[in-house]
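K.L.:
What follows is a single structure, and I will ask about it in a moment.
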Amino acid sequence: MDLLRSLRHPEEIYNLLRFKMGGCRAVMSKLDRDSMRQSLQTCYRYLNETSRSFAPITQVLDGELRDAFCILYLVIRALDTIEDDMTINLEKKIPMLYNFHTYLYDPEWKFTESKEKHSQVIKDFPTISLEFRNLAAVYQGVIADICAKMGEGMVDFQENKVDSLKQWDKYCITTSGLFALGLCHLASASELEDGDVGLDIHFSNTIGLFLQKTNIIRDYLEDQLEGREFWPREVWSKYGKKLSDLAKPENIVPALQCLNELITNALNHVPDVLRYLSRLKNKRIFKFFAIPQVMTIATLAACYNNQQVFKGIVKIRKGQTVTLMMEATNMDAVRAIMLQYIEEIYQKIPPSDPTSGKTQHIISSIRSLCVPNASVVSHNYLSPIYLSCAVLLAAFCYQYLGTCNTGVAT
């Protein structure tokens, strides 16, 4: 099905084939697991099993910084698994969230009662905490600090729903902004980036807000089915009596209006995202941070005014994902990609949408930051006969070739 969708975009088929045939090495470093300790190998296996997007992106890095990013992700994934588990009563859950950062130094701590889909990271937490303690002290300090702050912030939302937009921002900062801050701190601690990259809380929060708001918007139906609600009441209450009402077919018009308002809110973070990325000097670290941002804007473009958000899962195409990974290598390319997708959103704005004016305004602001700086991103266009051959070859090869571990969320 993904291949059929990509047939409308032949350059993606071509890029996907190139990626599968070895082009992935131009984006990602080879992960030599055979030279790793068994416990570190296990951590990377857990990373691949629990993240469709973060796992392959870490491969643009190498060395100890990649290991530190991997462990930070798994620690936060473990903490998040406890938060998400609705079967753990609050009397047990709240102390666990508060104290989770201390478990990093306890070789024996684990939690075996969870039924969450990623429960392996807490059932085998001793393996993860062992590799945490194997990191350099400067990395340990960053991870433990972020874990403590995140656990404390999660407690605030155990009995309180996300009502206002201000609370929505606070929740997204707690669950993703702090994670982004941790990544920035680790990048600075590695001395591959300037120290101020890890100190600018506003910009690191912006990256986390942009990613997390997009995830929350896209995951409306999944969260509803799991009994979780993260869309802010301040917004959805204007369009229905209950958040679940938006999934009813008769409410599709107000549902789309609510969706578009939330996407417009998320788009307001793009200018600061662009400013932050422009400060990064190390090419590998730049790609690590840039790839999720361009995938996020592509996801928002796919979700905007799209009824499928209320019926199932909205994903970007695998070929689209690979193309973004291969192209987001410098600031001009990122600006061009951002420009491409905000123009796609602009073309879909319903004239009668209540927030159409706000959407047009933020798109205008983003456009001014991207033009004339954005260069034309090469899509590797070929002459028609060669492109046709490439598409046919890709269609046959697609089913048989591996994906170089590109489990990226699409």
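K.L.:
Which order, highest average first, do 355-361, 160-166, 128-134, 288-294 follow once you tally other Cβ atoms within 10 Å for each residue and take the mean per peptide?
P.N.:
Highest-to-lowest ranking by the protection proxy: 288-294, 128-134, 355-361, 160-166.
K.L.:
Principal axis extents for the stretch 288-347, Cα atoms only, whole Å, descending order, please.
P.N.:
36, 23, 17
K.L.:
If we restrict to alpha carbons, what Rg and Dmax does the stretch 59-178 come to, in Å?
P.N.:
Calculated on Cα positions, Rg and Dmax stand at 14.5, 42 Å.
K.L.:
Mind listing the Cα extents of the stretch 117-224 along all three principal axes, in Å, largest one first?
P.N.:
Cα extents, longest axis first: 40, 36, 23 Å.
K.L.:
So, one more: Note down the nm distance, to one decimal, between modelled labels 7 Å out along Cα→Cβ at Lys149 and at Ile313.
P.N.:
It is 3.2 nm.
K.L.:
Would you list, by chain and number, the lysines whose Cα falls below 26 Å from the Cα of Lys123, excluding same-chain residues fewer than 8 positions away?
P.N.:
By straight Cα distance, Lys123 reaches Lys92, Lys93, Lys110, Lys115, Lys149.
K.L.:
I would also like to ask the following. Full extension from Glu49 to Asp163: what is 0.36 nm times the residue separation minus their Cα-Cα distance, to one decimal in nm? Mind dumping the intermediate values first?
P.N.:
Working: separation 114, 0.36 × 114 = 41.04 nm, distance 3.28 nm.
Additional length available on full extension: 37.8 nm.
K.L.:
How big is the stretch 172-244 by the Kirkwood estimate over distinct Cα pairs, in Å? Don't skip to the answer; put the middle values down first.
P.N.:
On the way: mean 1/r = 0.0725 Å⁻¹.
So the Kirkwood estimate lands at 13.8 Å.
K.L.:
Please compute the length gained on full extension between Lys248 and Asn305, using 0.36 nm multiplied by the number of residues separating them and subtracting their Cα-Cα distance.
P.N.:
On the way: separation 57, 0.36 × 57 = 20.52 nm, distance 1.57 nm.
Once the chain is fully extended between Lys248 and Asn305, it gains 19.0 nm.
K.L.:
With labels modelled as points extended 7 Å from the Cα through the Cβ direction, what inter-label distance (nm, one decimal) is found for Thr102 paired with Gln224?
P.N.:
Computed distance between label sites Thr102 and Gln224 equals 4.2 nm.
K.L.:
Then there's this: Taking 60 Å as R0, compute the FRET efficiency from the Cβ-Cβ separation of Glu64 and Ser352 and round it to 0.05. Can you show the working numbers first?
P.N.:
Values: r = 54 Å, r/R0 = 0.90.
The computed FRET efficiency comes out at 0.65.
K.L.:
Here is a follow-up. If R0 is 35 Å, what FRET efficiency do you get for Trp109 and Lys281 from their C-beta distance, rounded to 0.05?
P.N.:
Values: r = 38 Å, r/R0 = 1.10.
Efficiency, from the Cβ-Cβ distance: 0.35.
K.L.:
Please arrange Val273, Val253 by accessible surface area, largest first, computed with a 1.4 Å probe and ligands excluded. Don't skip to the answer; put the middle values down first.
P.N.:
On the way: Val273 0, Val253 90 Å².
Putting Val273, Val253 in descending order of accessible area: Val253, Val273.
K.L.:
With a 1.4 Å probe and every protein chain left in place, tell me how much accessible area Lys170 has, in Å² to the nearest 10.
P.N.:
100
K.L.:
Quick one: plug the Kirkwood hydrodynamic radius of the stretch 188-309 (C-alpha pairs) into Stokes-Einstein at 20 °C, 1.002 mPa s, and report D in µm²/s. Before the final figure, lay out the partial values.
P.N.:
Values: Rh = 15.8 Å.
Diffusion coefficient, whole number: 135 µm²/s.
The values are calculated or read from the model by the stated rules, or taken from the named source; none is laboratory data. Just so you know, these numbers come straight off a predicted model, no measurement behind them. Cβ coordinates were reconstructed from backbone atoms using ideal geometry, including for glycine residues, and neighbour counts include every protein chain displayed. Surface accessibility is based on the protein's heavy atoms, side chains included, excluding ligands, DNA and RNA. Shrake-Rupley method; radii C 1.70, N 1.55, O 1.52, S 1.80 Å.
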